[in-house]
Every structure is written in structure tokens, then in C-alpha cells.
Amino acid sequence: MFEKAQWICNSLESVDVCPVFRKVFPLGKTIEKAILYASALGVYDLSLNGEKVGRQVLAPGWTCYDRRIQYQKYDVTRLVKTDNTLEAIVAKGWYSSPMPGWENSEDKIARMRRHTGLIVQLDISFADGTDLSLVSDSTWIWSESPLRFAEIYDGEVYDASFSSYDWKPAAVFDGPTELLFSQEGEDICEVGWVAAREIIVTPEGERVVDFGQNVTGYFEFTVDAEEKARLRVTCAETLDSKGNFYNGNYRSAKAELVYIAKKGRQTFHPILTYYGFRYIRIEGFDPSCRAEDFTAIVVSSDLKRTGSISCGVPDVDRLFSNVIWGQIGNFLDVPTDCPQRDERLGWTGDAQVFCKAATYNFDTERFFIKWLKDLALSQRPDGAVAQVVPDYLPGGEPSAAWGDAATICPWQVFQTYGDRTVLENQFPSMCRWVDYIASTTKRKNLWIGGTHFGDWLGLDASEGSYKGASRDDFIASAFYAHSVRLVVKAGKVLGKDVSGYERLYGGIVKAFREEFKECLTQTEYVLAIGFDLAADRKKAASELAAMIARDGLSMKTGFVGTAYLLHVLSDCGYDDLAYTLLFRREYPSWLYPITKGATTIWEHWDGIKPDGSFWSASMNSFNHYAYGSVVDWIYEKAAGIGHSEDCPGFSKALIKPHPDKRLGWLSATLETRNGRIVSSWECIGTGVRYDISVEMPAEVTIGEKVYEVGPGTYVFWS
Ligand code: BGC
């Protein structure tokens, strides 16, 4: 592929204006098929004869560009005519945007200096049996375009009145053709449209459009305007306590659009950027514009929905909806922490804690396969896993529970979908990660030392710290055990000799029990029990339950502990307490943000505090999926949908619902690789009715009774 195509660019000095490249070509013969291949250093928007090519946006997507760059393939047979104009606008995208906002490392500066480029090949087969391959080369021309600026954090400047095209020959350069590979992840597409709810005039007199839902993507508007009228749109996720526009939490990201209008009625949406927003402030717009003139366009990796949950408590339904929106908004080719501020990075820890829920909500197999390959590619020579993938923080220290994404995500993807490919791909990377730990620790069989994020945002943190009170060495050693165990399991699936890792695992468990005789925090208990490290599981669980009670029946866990908390409680017979935590509405809890109007999952339990003030703007995302991991407990424990590790992909389902009167009823559906599972229950009087439907063999456990069933629909009572 691309053997004859050349990389082209506008000129060698870096400029902000986005170039448009053009090739005009006549075709005298009848065409049978036309296939277009394209990629860019940056992001491209391609059109043939004025029509957008394909559904994808922000192509070629985001990979470790210095190791591999995706290209896309489009069937353009329908678009080719006798006289043709092929055009592509290219912008910085993730390739040369100033990411992350707060750093000034040499690496970042070098990335920002990278010049954008384009590569294209159009293969045409004619009806007479002949072929033609048309490629990007020095015969292409380029000009400045109406897109005066486009970048991930700051948004766009678009001049619709621009007409001074000045076409010059494109420059050819020696680009990384050998790094190109056919797209592996899902297409990034416009996946939804949200109509504006209303236009508000804030107490400060600003006009703000409310879409009623925090989304990721961009906004479209239709306006009547004068030639060269200057319109400005700025994004926000929330209003402040007085109802004024607030985007302090975007930090240095401008997240805006400056639009220079042409005369008359026009419709526009940004092209080569994206934003996270529920509100947009509009400036320069005609006072007569109405809510109907605005639509939010949702941009995401185009994932098929596979899981759904509904129940008798509307706020829990809203919680689930918030998780879904958070996943849509942050699964944009890479699992990102957030879509709004000057960050939007593939944080490994966030992806790891949310991975299970993600694989149930949507079909994420391709998505994770692609991202995990980048994780492996960006592993350092000693096996250390980057904090973020693609690695835009190369100076960062590898952290426990973040780097463990290397083992946890592949294992989860295999468990949910049942295909070994992900393990085959990742096994060397999994081993390298645990080998790294062995090489870096200060004490054999534990992970002692290092710099970690700890139980990030745990509520038992000391004043001014983001790290919960759980000990770094405890968390790191617990995850070391967990990861080594996953390496053993994966190795066995693949038929590898993992006896060395088995011995290592035994050694870690022994050393862990000797070193950490007691647990000091909720998260420490959760990890000790959840990873089978507690010598006396029953005792540890009752101590955890007592600690939660002492803490006012509320959790103190951060990113690390929260993901496992309810599972551990349910597994040890504390369903009641798990539900109590789920239903809690006061801060800190999953439902508290909902009482404050949240439409996505927040980074902090109290992003908006009970008195209406904000958590510090220095780190306060309102669309951060990590705590959304709770929905995997709803699927697996409340609805009881599961499988044994020997039946990955749900080849045989294990259904064991855990009903609770306070929830009233629950219905969960999961589309698995082996068919659909529906698990519903309803509390009626003093009993419970269960409606279970499976398309594979299943073992259904209702109370103490176990039923072996084949595909079918079943009703049980208890
Ligand atoms: C990100 C997190 C991430 C963390 C690492 C934050 O800035 O938003 O979600 O995991 O840093 O500590």
C-alpha cells in the first residue's frame, strides 16, 4: 500500500492556517470500482467532488504516531465522475497539538513543531479491464483554506467569507510511509444529535445555549449573518451557582469556535476538533436566533451498544445513563480521562478500572485491541508501562494500578468476548510489565518503592493531597499479585509454560501476608479481599463492613478501591451494604452528583459541593468515567449476569441475581458473543419473581437452588 504515493505538505515552516490539498483529474472511461486510501500526520477531512468521503471524522485517529499511523480505506465508486476534484483539509489533531496543556517538556515542544502532512492513493478499475492508481505527489496543489486554525484543545477559527485561494504546488517530503497500517480501531463518527433545550440569558447577561446533556463532539448552528460578522462560541459543562457561564475547569483549553460569517443564512459545525460541553456561550449571534438553530453533534468511536439496565429507582437509571454518556464521550479512538480540559489523555488507570463496565456497555473488542497494541508499543525498554497511551508524558513514572492496564484490560476483553487474539497480541507485554516490577522493586516478591498515584482521589486523603490514605506499597504489591496471576491465567489459555510466574505468584501472596498483616483503609481491605490476598477473608470483610459503618455508611475509596468495593461486599455476603452505598444520595456517593443535575460521571464525588461551590478548577472534570465502573456490579451482582473464567464470552452463563426491595425491580440485558442474556427480577409482596432469558446454556442460582437450563426463557419465584 502507498508504494507510489508521496507525503505532501504545504510548506516547510509551520503555520496555523490549515492547508487544503487538491487534485483535479478527468477520467474518460467507465469506472467499475474506485477505492481511496488516505492518512495524515494530523487529522484530515476529505471530499471528492464536493461530497465528504466516508463517515469518519478526525481520521486517521490517534495512535503512537512515531510507531504506527492508521490509514483508512473508502469505497468512492459512487462519487467518481468524468471530471473530478479531490480535496483534503489537514489540521494538527493529536499529532501536533500542545498536549498536555500543563507541560512544557522537550518532548511536547518537539511534538508541537511537527509539520502536518497528507498521503493518498486512489485505485480505479475501469470497465475495460484497465486500472489506474492516482497518488499524492508534487502534481497536487495546496492553498490556505477557510479553516484558519484547528487544534484539539483550543477549537477552531473558521472564515466562511474566505475566498482568496492561492494554489501552489504541494511540497513532497520523506514521510513515515513504513509506519502506515490499515485502521484497526472503530471508525470515529458522528454518532448522535442532541437538540438544544433552551437559550438562557445568564445573570451576567450572556446568552448560553443549554443542550441538557453533557456531550463530546461539536455544535452545529444555523444563522443569518452579515458578511464578516464575527461569531464566537465557547464551551462549558456546567453553570456556576448563580447560573452564570463557567468554564474555569477547562484550564488552558480555550475550547471555542471563532466563526467569520459570509452573508446570508448559513449552517456550520467545526470540522477538525472536538469539545466536551453541555452549554455553549454564543457571542455575536443575531438576537433573533432560537434554540432550534442549535444542535449538539456527538462524536465517538462507533461502538455497538451491547448492555442496558433499567430499574425501579429513577436516579439509578440516570446513573446508568450518565455512565453510558461518559463512555460515549471518552471512547474516542483512545479511552481518555475527560473530553474538555487541556488533558484528554489515554490515562491507563482510568481505562483499567472502567474496562469491565466498558466491555459490557458496548462492543469494545476492536477498540481495546487497537489501544492495547499502542500500550505495548509505548512500553519502555525495561517493560514499564506509560501513564498515558499514546505516551504524551514520557517523563512520567510508571504507577501501580495504572500500568496494570497492561494485564487487566487484555484479560477482561478476553473474558467478555471469548477470543484469544487479544491475549496472543498482549501476552509479551503482560509479561514485560510484571518483569518490570520484579526489576524495580526494592524488595523481592512485593512492589516496594516507586512513585505511584495511590488510591487516586480517595476521600481519606490528607488535606491538600489527591492521594487517598492507602499505602503505596500496599496497593502496588496487591496489584503486582493480581497482574502476575493474570499472566499465569493468560499463559495457560495460550498453552505457555508459566510455572515461573506461578511460583512468583505464590511468593508474592506469602510475602504480602507477612508484610501487610492488617488493612488500614477501605481500599486496602477491598484489594486484600478482591485479589484473594487476605489470609482470613471472612474476618477482613466483616472489618471492612464495620469500617464503612464507622465512616457513616459511606465510602472513602478513590479510583482504585471504588471499582471493586461493591463486588467485594457482595462476594462476602454484604449485598445489603452494597445496595446501601449505591442508594446513598448525600456526598460522597454515586447518586449525589445526580442530585446536583449531573448528566455524566464526575471526576470528584463533589465536583459541585453541597453549597453549590466548585471543587478547585485545577482538576474538576464533569465527564470522567472512572467511578462509572459501578455499573459492572449492577450487571454482575444485582442482575447476576456472569460466567466462569473457563467459559469466556459467556459460552455458558451463570445467572445469580441479588434482588433488593429498595430497588423494586431490575432488568439487565447483555448481548454476548454467544447470544443475548436478559436477567430481570421484581419484588412482589414478600417474594421475588425472576424472568431469565438466555440463548446459551446456563446455570441459574435462585437463593439456595441451582438450575441447569438450556437456551430459553424461564420464570422463577423466591
Ligand atoms: C487524570 C486522571 C488520571 C490522573 C493520574 C489526572 O489528571 O485526569 O484521571 O488518572 O491524573 O493521577
Identify, by number, the condition in (1) open to solvent by 10 Å² or more (accessible area, probe 1.4 Å); (2) within 26 Å of Leu670 (Cα to Cα); (3) more than 16 Å from the ligand (Cβ to nearest atom) that Lys373 doesn't meet. (2)
Answer from Lys29, Lys33, Lys81, Lys4 - the residue that is farther than 27 Å from Ala253 by Cβ and assigned to a strand (DSSP E or B): Lys33
Given (1) of a type outside the set (D, E, K, R); (2) over 18 Å from Val434 (Cα atoms); (3) away from the ligand (no atom under 11 Å from the Cβ); (4) outside any helix (DSSP H, G or I), number of the condition Thr359 does not satisfy: (4)
Counting only residues in the stretch 285-312 that are closer than 17 Å to Gly192 by Cβ and among the hydrophobic types (A, V, I, L, M, F, W, C), the one most open to solvent (accessible area, probe 1.4 Å) is identified as Leu303
Out of the stretch 657-694, which residues are surrounded by fewer than 18 Cβ atoms within 10 Å (Cβ to Cβ) and not in a strand (DSSP E or B)? Lys661, Arg662, Gly664, Arg673, Gly685, Thr686
The listed residue being more than 32 Å from the chain's Cα centre (by Cα) and more than 16 Å from the ligand (Cβ to nearest atom), out of Gly500, Gly491: Gly500
From the list Asp337, Asp391, exactly one residue is within 16 Å of the ligand (Cβ to nearest atom), open to solvent by 10 Å² or more (accessible area, probe 1.4 Å) and over 19 Å from Ala478 (Cα atoms). Which is it? Asp391
Looking only at the stretch 490-503, how many residues end up being open to solvent by less than 40 Å² (accessible area, probe 1.4 Å) and either among the basic types (Lys, Arg) or touching a residue at least 40 places away in the same chain (Cβ under 8 Å) (or both)? 3
Could you list all residues from the stretch 462-483 that are within 16 Å of the ligand (Cβ to nearest atom), open to solvent by less than 10 Å² (accessible area, probe 1.4 Å) and not in a loop (DSSP other than H, G, I, E, B)? Ile475, Ala476, Phe479
Could you identify the single residue in Gly349, Gly395 that is in contact with a helix residue (DSSP H, G or I) (Cβ under 8 Å, 6 or more places away or on another chain), closer than 23 Å to Thr451 by Cβ and modelled with pLDDT under 95? Gly395
Residue among Leu446, Leu459, Leu486, Leu527 that alone is modelled with pLDDT under 95 and surrounded by 15 or more Cβ atoms within 10 Å (Cβ to Cβ): Leu459
Restricted to the stretch 234-263, and to residues that are in a strand (DSSP E or B) and free of Cβ contacts under 8 Å to residues at least 60 places away in the same chain, which residue is surrounded by the most Cβ atoms within 10 Å (Cβ to Cβ)? Ala236
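The rows are residues; the columns are (1) assigned to a loop (DSSP other than H, G, I, E, B); (2) within 16 Å of the ligand (Cβ to nearest atom).
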{"site": "Ser308", "(1), (2)": "no, no"}
{"site": "Asp317", "(1), (2)": "no, no"}
{"site": "Val323", "(1), (2)": "no, yes"}
{"site": "Gly326", "(1), (2)": "no, yes"}
{"site": "Glu343", "(1), (2)": "yes, yes"}
{"site": "Gly349", "(1), (2)": "no, yes"}
{"site": "Val353", "(1), (2)": "no, yes"}
Applying the selection to the stretch 95-119, what residues are within 29 Å of Val24 (Cα to Cα), within 26 Å of the chain's Cα centre (by Cα) and not in a loop (DSSP other than H, G, I, E, B)? Tyr95, Ser96
Ser616 versus (1) open to solvent by 10 Å² or more (accessible area, probe 1.4 Å); (2) among the small types (Gly, Ala, Ser); (3) away from the ligand (no atom under 16 Å from the Cβ): which is the lone unmet condition? (3)
Residue list for the stretch 174-222, filter: open to solvent by less than 50 Å² (accessible area, probe 1.4 Å), touching a Ser or Thr at 6+ places or on another chain (Cβ under 7 Å) and of a type in the set (D, E, K, R): Glu186
Does the stretch 419-461 hold any residues that are in a loop (DSSP other than H, G, I, E, B), more than 23 Å from the chain's Cα centre (by Cα) and either within 16 Å of the ligand (Cβ to nearest atom) or touching a residue at least 60 places away in the same chain (Cβ under 8 Å) (or both), and which are they? Arg443, Lys444, Asn445, Leu446, Gly450, Thr451, Leu459, Asp460, Ala461
Could you grab me the full set of residues in the stretch 547-568 that are crowded, with 23+ Cβ neighbours inside 10 Å and outside any helix (DSSP H, G or I)? Met555, Lys556, Thr557, Gly558
Mind checking whether some residue in the stretch 113-125 is in contact (Cβ under 8 Å) with a residue 12 or more places away in the chain, under 23 Å from Cys338 (Cα atoms), crowded, with 19+ Cβ neighbours inside 10 Å and out of contact with any Lys or Arg (no Cβ under 6 Å at 6 or more places or on another chain)? no
Under the condition of being modelled with pLDDT of 90 or more and over 14 Å from Val135 (Cβ atoms), which residue from the stretch 1-21 is surrounded by the most Cβ atoms within 10 Å (Cβ to Cβ)? Cys18
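The values are calculated or read from the model by the stated rules, or taken from the named source; none is laboratory data. Predicted, not measured: the structure shown is a model, and the values here were computed from it. As a convention, Cβ positions derive from the backbone with ideal geometry for all residues, glycine included, and neighbour counts pool all protein chains shown. With ligands, DNA and RNA removed, areas are computed over all heavy atoms of the protein, side chains included. Shrake-Rupley method; radii C 1.70, N 1.55, O 1.52, S 1.80 Å.
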